[in-house]
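Visitor: Starting off with a structure, shown below.
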Amino acid sequence: MNMKRVIMVLLASAILMGVYAQGQNEGKPAQSVEPTGPVKLQVWYALSGASGQTFVGQAQAFAKEHPEIELELTYSGSYADTATKVSAALLSGTAPDVAVMAAAQLYTGGQGNFEMESLVKDKDFDINDIYPGMQQYGMFSNRICALPYGISTQVLYYNKDIIAKSGIDLSTPPKTWDEFLKIAKATQQKGGAEYGFDTSDGVWLIKSMLSQNGNSIVEKKGDKVNPTFNQESGVQVATFWKKLVTEGVMPAGQHDNSEKKFLAGNMAFIAATSSRISKWKGNTSFALGAIPMPGFKKQSLALGGNVISIITTDKKKTAASWKLVKYMMQEPNQSAFALATGYLPVHKSSVNNPAVKEKVAGDPLYKVAIGQLDYAWAYLSFSEMGTMDNLIWGTLDEIEKGITEPKQAMDKAASDLLKEMKD
Amino acid sequence: MAKKRKHTNWLGFVLLTAGSLIMIFPFVWMILSSFKTVSDVYAYPPRWIPSHWEFDNYVKVFQMIPFGRYYLNSIYTSVMQTLMEITICIMGAYAFVALDFPGKKMLNSLVRSTMFVPTIVTLIPMYVMVSKAHLVDTYAGIMLPQILSAFTLYLLVSFFSTIPKDLFDSAKLDGCGYYRILLNVVIPNSKSSISTAVMFAFLGHWKSYTWPLIITNKQQYRTLPIGMKYLVQESSSEYQVMMAASVMAIVPVLVVYMIFEKQLVKSITLTGMKA
Amino acid sequence: MSERKMTIGGKLYDKEQLRAATVLLLPLLIAILVLFIFPVFRVVFYSFSNYNLIKRNDFRIIGLDNFTYLFTDVKFGKALRNTFTFALSKLLLDTSIALVVALVLDTRIPLRHYLRSAYFAPVVVPIVASSLIWIWFFDPGIGPFNQIRAFLGLKPSQWIYGEKTALFSIVLFSIWKGVGYNIVLFLSGLQNIPDSYIEAAQVDGATNMQILWKIKLPLLRPITNFVIMMGIINTFKVFAEVNVMTPKGGPLYSTSLIVNYIYEQAFTNGKMGRACAASILLFAIIYLLTLIQNRMNASKTIDVE
């Protein structure tokens, strides 16, 4: 490398860096004078299959009633893909106006946009009809900046044939995990199941368990977020988790494979998302049942799924978007969406909705899922939620494989999380 | 091209055939699975042959996602990108092999460095650049950022450099300018290499996933790999539909391969090899 | 002769060549500038900053903090180790298998066309599909691989679910997927060797072994170098296989490669600055390795050095 070349390269890089340092803005959407005519809204939804179709159907119905609003509806992929896209789009000012995605709060409240908090005070909208736990699900820093839309919880499904073979009676389902453990073991001893229990989402399940044991996972300390999952109540849960493996009830590190095993008829119980109700019903080679999730000190279930939010900060578009959101969130509409897709209704008043009543009466699995909504709950949303999920996943792996003791593993995860939260 | 041996290489043949079974075994399973029903897929012990042949899976693919549109998009973008890439690379490779110019070493290092950067790394800066140019959700936005391929360039350089110098020299003596040499000497003598390069380039573009994923939001611009991923999400327990889609996705690439493979063989028998 | 030649930087060049070179290289140069130099400078810039994709923080230049983090991060260390292990195993196996297969394919055997296509077929299958298939193959309970092991009297393996076996399982998958590329490359190289050389040697009474070692392999040198160089570069850039088969980095983070680490930092944690720093390191590693490879082949390479 000769000197001349090195100098040229350095000079070029200096110039370019300068140019780009200046261009370092997160493009805010232009506040142009809107021409008169329909307001055009970009709506992205991370809903696939029947969910997407139902959503589109309702949105189009809305557009018919509101000719002054034009909707451009786009399926944006999985939750992860959508998040990446929205992140990238925010950088260049091409983000959608409305998004139905997971953790949208990060892109509204997380960016300082709490407009939703004021919008929900609209007299046409009854925020209090939404289950409190679900309201929490759309909050950031305890302020509303998104609304729960496609909500699910985990449900404890079971293979009726194995249970029958084991001679177990589930008409009074186990209330605690210890009781459950005994039952699961029995299915292996007497029912021929290879494994008694597993879950396709360990991180989700353990969050529910932590809450059941009185642990808040994280808490707000001033303007900082502090992990609490490594407190004594959390360690107890982790210890039980390990017990599931050491007692041979749950295989170690095979959660990704659990649904296949369950469908193949090798496993007695599985904790999987309520959305599986519509997918699995009638499609299993065995009779399918469900029981309410056991608890520790109390019953509690962590919420999952997606929320609907208004990303745009443009006044006119926000107003139009709110009209759309209000419409989609109206109890009959939202409940219809939930019923068609296997998600859960978010309104307390939905129990009076005849369609819901009918479904609950006719589908025992759904009945269980709806019954659990009373104690459904969401923990605090914060920017490093994704990181925390990853850390917990690794922690569970280490605990299950006996690499680290539960207490040490939880402590390590907590300190790693704190490190990540430093800027 | 058969090297003239006195007898057939039977040992080699047997070994190779055994190996080839390993190579195509998943392929076979994929095709068989594409005709299965849901219960076949999850059967335990596993079923190999479908209990009954479900052709409906193929129809379902088109019902679940706009497969046809994605297909066309893939064909269009892959062909165009390959054309642009090959043109740029033939020109560049020739310059590297036949011409002397200042900064050759530096350019070589620079080109080589472009290969060391995975797409993920430049994804965000590239995205910001492209969206500021208003090219999100456009064919240009999908295609242009992907036409730089040092791999193709070096492949051609490797092949071009095996062309004997005398061919160059005699052309120059005949008074050919450098462009004429490229067209009349280099290209005709590298048909098989160019075919190989085209094939790889096309394949690379056909499979391209990360960039098209982020640069397209609207359905009408999506390409096949992305469509397939969406299909997985749509049909997470309909494995067999996924397999049907995969079978259909492979067809054009195999076709391209077959075409260029023949070309490969043809041009080698035709070229009277230089002693 | 001053009209035909020109001196630049102390060296003599032919004017006509210079003119041709400018035209022929212009598209390439523009592509490199726009598609590589601009984005990469941005990446370099970010690597010294706390740029975050998820959190809205005060954008600051933080000097070498990202780099110090990487050097002390256990996960990054694991990703590095995994990458080197992966690269070494894949490179060795892939290149040698491809070479052997190509050599045999080049001889007189029946069904050559079918065999060639069979070895190339896996390259063509979309990664999502092939990963799904292999995930099933790797299933410890019902997958065919363990069935075969049982048939051979071996204990079942955990494949991608076991921390000791996961990486190697992915190596296997990766080789299956990629060896066809190298076979085609080696074949092209072999077919470029003039028949006359071989015939002349046979007339002189050379054995097949001698022909192999003294004629074929040496003449394959440029292609072999190319295959190894591309092998190094590509194995260090592997991302998709790992991401699809073991999305969270595998049991005990045993399959996460550097690119997966970068992806996780950027898109799960939002730490774009750190991801860029890791990318710079990756770049440096690949660069160094190719430099070493070049040094080792100094006199024989066809590359423009």
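Each reported figure results from applying straightforward, stated rules to the coordinates on display, with no laboratory input. The structure displayed is predicted, hence computed values, not measured ones. Here Cβ is always computed from backbone atoms with ideal geometry, including for glycine, and neighbour counts include all displayed protein chains.
Visitor: Check the range A:310-363 and count each lysine pair with an alpha-carbon distance under 30 angstrom, considering only pairs eight or more places apart or from different chains.
Guide: Step by step, the pairs that qualify in the range A:310-363 add up to 13.
Visitor: Can you give me the P(r) profile for chain B? Cα pairs, bins 5 angstrom wide beginning at 0, each as a whole percent.
Guide: The distribution over chain B is 1, 5, 9, 11, 13, 13, 13, 11, 9, 7, 4, 2, 1, 0, 0, given as percents.
Visitor: Stokes-Einstein D for the protein assembly as shown at 4 °C, 1.567 mPa s, Kirkwood Rh over Cα pairs, in µm²/s?
Guide: It comes out at roughly 42 µm²/s.
Visitor: Suppose R0 equals 30 Å; then what is the FRET efficiency for residue B:21 and residue C:108 from their Cβ-Cβ distance, rounded to the nearest 0.05? All intermediate terms of the calculation are to be shown ahead of the outcome.
Guide: Working: r = 21 Å, r/R0 = 0.71.
Result of the calculation: an efficiency of 0.90.
Visitor: Counting other C-beta atoms within 10 Å, which of C:279, A:216, C:188 has the fewest, and how do the rest follow?
Guide: Least crowded to most crowded, the residues run A:216, C:188, C:279.
Visitor: A follow-up question, please. Okay, helix-only estimate at 222 nm for the protein assembly as shown: each DSSP H run of n ≥ 4 adds -39500 (n - 2.57), divide by all residues, round to 500 deg cm²/dmol; what do you get?
Guide: For the protein assembly as shown, the value works out to -18000 deg cm²/dmol.
Visitor: Could you work out how far helix A:3-22 tilts from the main Cα principal axis of chain A, as a 0 to 90 degree angle to the nearest 10?
Guide: The two axes meet at around 80 degrees.
Visitor: Let me have the relative contact order for chain C, percent, based on Cα pairs under 8 Å that are six or more residues apart.
Guide: About 27 percent, as a whole number.
Visitor: Please give the helix A:79-91 orientation as an angle from the longest Cα principal axis of chain A, in degrees from 0 to 90, rounded to the nearest 10.
Guide: Approximately 20 degrees, to the nearest ten.
Visitor: Taking each residue of C:138-146 in turn, how many C-beta atoms of other protein chains fall within 10 Å of its C-beta, and what is the average?
Guide: Numbers: counts 1, 6, 4, 11, 10, 2, 5, 0, 0.
Per residue, the number of nearby Cβ atoms from other chains is 4 on average.
Visitor: Compute the signed sum of charges (Lys and Arg +1, Asp and Glu -1) over the other residues within less than 11 Å, Cβ to Cβ, of residue C:83.
Guide: With Lys, Arg at +1 and Asp, Glu at -1, the net is +4.
Visitor: Using modelled backbone amide H atoms (1.01 Å from N, in-plane), which distant-in-sequence or interchain residues come within less than 5 Å of residue A:140's amide H?
Guide: A:145
Visitor: I need to check one value: relative contact order of the range B:65-234, counting alpha carbon pairs closer than 8 Å and at least 6 residues apart, in percent.
Guide: 44
Visitor: What does the average come to when, for each residue of peptide A:377-385, you count the partner chain Cβ atoms lying within 10 Å of its Cβ?
Guide: 2
Visitor: List every residue whose amide H lies under 5 Å from the amide H of residue A:272, counting only residues 5 or more places away in sequence or on a different chain, with H placed 1.01 Å from N in the peptide plane.
Guide: Counting only residues 5 or more places away or on other chains, the set is A:155, A:157.
Visitor: May I pose another question? Cα gyration tensor of the range A:240-360, axes a ≥ b ≥ c as square roots of the eigenvalues: rounded (a/c below 1.5), prolate (a/b > b/c) or oblate?
Guide: Verdict is prolate for the range A:240-360.
Visitor: Report P(r) for chain C: all Cα-Cα distances, bin width 10 Å, range 0 to the bin holding the largest distance, values in whole percent.
Guide: For chain C, the pair-distance distribution reads 5, 19, 25, 24, 17, 8, 2, 0, 0.
Visitor: Further question: Using θ = phi - 60° and the Karplus curve 6.51 cos²θ - 1.76 cosθ + 1.60, what whole-Hz ³J(HN,Hα) does each residue of the range A:376-393 get, with Gly and Pro shown as x?
Guide: Karplus values, whole Hz, x for Gly and Pro: 7, 7, 10, 8, 4, 8, 8, 4, 9, 4, x, 4, 4, 4, 4, 5, 5, 4.
Visitor: So which of A:160/A:242; A:207/A:242; B:104/C:5 end up more than 20 Å apart, counting from Cα to Cα?
Guide: A:160/A:242
Visitor: Continuing with this model, one more query. From the P(r) of the range A:74-170, can you give the percent of Cα pairs sitting at distances over 19 Å? Working shown, then result.
Guide: Details: 2545 of 4656 pairs.
When all Cα pairs of the range A:74-170 are counted, 55 percent exceed 19 Å.
Visitor: In terms of modelled amide H atoms, which long-range or inter-chain residues lie less than 5 Å from the amide H of residue A:301?
Guide: Amide H neighbours of residue A:301: A:376, A:377.
Visitor: Name the lysines eligible as straight-distance cross-link partners of residue A:165: C-alpha to C-alpha under 19 Å, and not fewer than 8 places from it in the same chain.
Guide: Partners found: A:182, A:185, A:190, A:261.
Visitor: Rounding to the nearest 10 and keeping the result within 0 to 90°, find how far the Cα-based axis of helix A:406-421 lies from the longest principal axis of chain A.
Guide: So the helix axis and the longest Cα principal axis differ by about 10 degrees.
Visitor: Mind ranking B:243-250, B:197-204 by how tightly packed they are, going by the mean number of other C-beta atoms within 10 angstrom, highest first?
Guide: The densest-packed peptide leads the list: B:243-250, B:197-204.
Visitor: Order of A:85, A:279, A:123 from fewest to most other C-beta atoms within 10 Å?
Guide: A:123, A:279, A:85
Visitor: Measuring from the lowest to the highest alpha carbon on each principal axis, how far does chain A reach, largest first, in angstroms?
Guide: Rounded to whole Å, the extents work out to 74, 67, 41 Å.
Visitor: Sticking with this structure for a sec: When the convex hull of the Cα atoms of the range B:1-159 is projected onto a plane and the area is averaged over all directions, what value comes out in nm²?
Guide: 17.3
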